[in-house]
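Visitor: Take a look at the following structure, please.
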Amino acid sequence: MAIRDIITAPDPRLKVKCDPVATVDDGVRALMDDLVATMFSVPGIGLAAPQVGVRQRVIVVDAGGGAVGKREPMCFANPRILWASDETQVCEEGCLSLPDQFAEVTRPAGIKLGYLDRGNQAQVLDASGPFATCIQHEIDHLEGILFVDYLSVLKRGIILRRLVKARKSQAQKVAVGAGA
């Protein structure tokens, strides 16, 4: 297991659709393991392959919701929503690719998910509440969609400008540190 660097917005690699996984083999399982290690190192409750620069339809989610001592990583290849409830819920979302930025997003409260597991077996999972929100958020990454894409143009612009400003500030700190 390796901890990988997480790409941050507005990197164009976050806006690309991912390719399906042909089969869950040792390479895909290694990617899943790296995603879990990276997610827990940050810490986060979900991570998608494109967030570490891999254009494959692979996500991981902490079914324990980030609760201390309740880490329950679940790995999904080629996840797809088979059904979504008409009932919606509003959750505050954040993203490892948009550090320290949060906003309320409305999504279906429940979903039925189809996917391939670590053993390359087709599975179906029912999810609701924050767990369903997390899965939907990660699947969006596979389509090149970020949670800020659900916000108004004004709110999205504010968040993206904050990220660019933070990146420039960090680069200046590194440059000053290297020159000292």
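The values are calculated or read from the model by the stated rules, or taken from the named source; none is laboratory data. Keep in mind the model is a prediction, meaning the values are calculated, not measured. Quick reminder, even Gly has a Cβ in these numbers, built from the backbone with ideal geometry, and neighbours come from all protein chains shown. Note: areas computed on protein heavy atoms with side chains; ligands, DNA, RNA excluded. Shrake-Rupley method; radii C 1.70, N 1.55, O 1.52, S 1.80 Å.
Visitor: Pull out the extension gain between ASP100 and ALA122, defined as 0.36 nm times the separation in residues minus the alpha carbon to alpha carbon distance; nm, one decimal.
Guide: 4.4 nm
Visitor: Further question on the same structure: Report the extension gain between LYS173 and ILE3 in nm, rounded to one decimal, defined as 0.36 nm multiplied by the number of residues separating them, less their alpha carbon distance.
Guide: Additional length available on full extension: 58.8 nm.
Visitor: Once both axes come from the Cα atoms, what is the angle between helix 153-179 and the longest principal axis of the chain, in degrees from 0 to 90, rounded to 10?
Guide: The two axes meet at around 60 degrees.
Visitor: Under a GNM of the chain (C-alpha, springs under 10 Å), which listed residue has the highest mean-square fluctuation: ARG13, ARG107, ARG161?
Guide: Comparing ARG13, ARG107, ARG161 in a Gaussian network model of the chain, the most mobile one is ARG161.
Visitor: Let me ask something else about it. Which angle between 0 and 90 degrees, to the nearest 10, do you get for helix 26-41 versus the longest principal axis of the chain when only C-alpha atoms count?
Guide: On a 0 to 90 degree scale, this one is about 50.
Visitor: Right, something else. Take every Cα pair under 8 Å in segment 62-138 that's 6+ residues apart, average their separations, divide by the length, and report that relative contact order as a whole percent.
Guide: 28 percent
Visitor: When ligands, DNA and RNA are left out and all protein chains stay put, how many square angstrom of accessible area per residue does segment 30-180 have with a 1.4 Å probe?
Guide: Counting only protein heavy atoms, the per-residue value for segment 30-180 is 50 Å².
Visitor: For the ranges 164-171, 53-60, 86-93, 131-138, what's the packing order if you count other beta-carbon atoms within 10 Å of each residue, average per peptide, and put the highest first?
Guide: Taking the mean over residues of other Cβ atoms within 10 Å, the ranking is 131-138, 53-60, 86-93, 164-171.
Visitor: Can you show me the helix-derived [θ] at 222 nm for the chain, built from DSSP H runs with n ≥ 4 at -39,500 (n - 2.57) apiece and divided by the number of residues, rounded to the nearest 500.
Guide: -11000 deg cm²/dmol
Visitor: Go ahead and set up a Gaussian network model of the chain, Cα springs under 10 Å, then flag whichever of GLY27, GLY110, GLY64 fluctuates most.
Guide: Evaluated over the chain, the most mobile residue of the options is GLY27.
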